[in-house]
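Let me begin by presenting the structure, written as structure tokens, before commenting on it.
Laboratory data are not the source of any read-out in this text; all were calculated from the coordinates shown. This structure is a prediction, so every number in the text was calculated from the model and none was measured. No Cβ is skipped: glycine too gets one built from the backbone with ideal geometry, and neighbour counts run over all protein chains shown.
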């Protein structure tokens, strides 16, 4: 590691600390030539698969885009930043475990929906409505019914109260 101050090639590690999540190591270093101290951050570099879009385009995976998707789905919902970060890391982990060079964007979306289902049902439905291109209220109702059937409450607020549940397929109250 070259010294950022004098460019000398001989630096020595004087302290190392692992981050809370265990994903990085912060190293405190000293330059043997000029005596200046500086810190470095060491992370694991794993190549994530390229994302294949529905039109066939390929692009590099971008964790920022993933985070933005979670943020939009969970906007104004009672979900902490820590929970969102954990969900993002879970999706990245699933991508790494896929051990493929390319992965369809649709599959990434499925990973995201799986994490959103665990976090917040409203956020899940928001994401699913865009991801699955819901056309009308009937599509929403069908997804809500599937969600309520597959995952009973588990400490989350109900998606609909009893009065709202009485809506027909065209969005009208029964």
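For the pair residue 10 and residue 57, the difference between a 0.36 nm per residue extended length and the Cα-Cα distance amounts to 12.4 nm. Spacing of the modelled spin labels on residue 76 and residue 18, each 7 Å from Cα toward Cβ, amounts to 4.2 nm. For residue 42 and residue 146, the FRET efficiency from 1/(1 + (r/R0)^6), where r spans their Cβ atoms and R0 equals 25 Å, is about 0.05.
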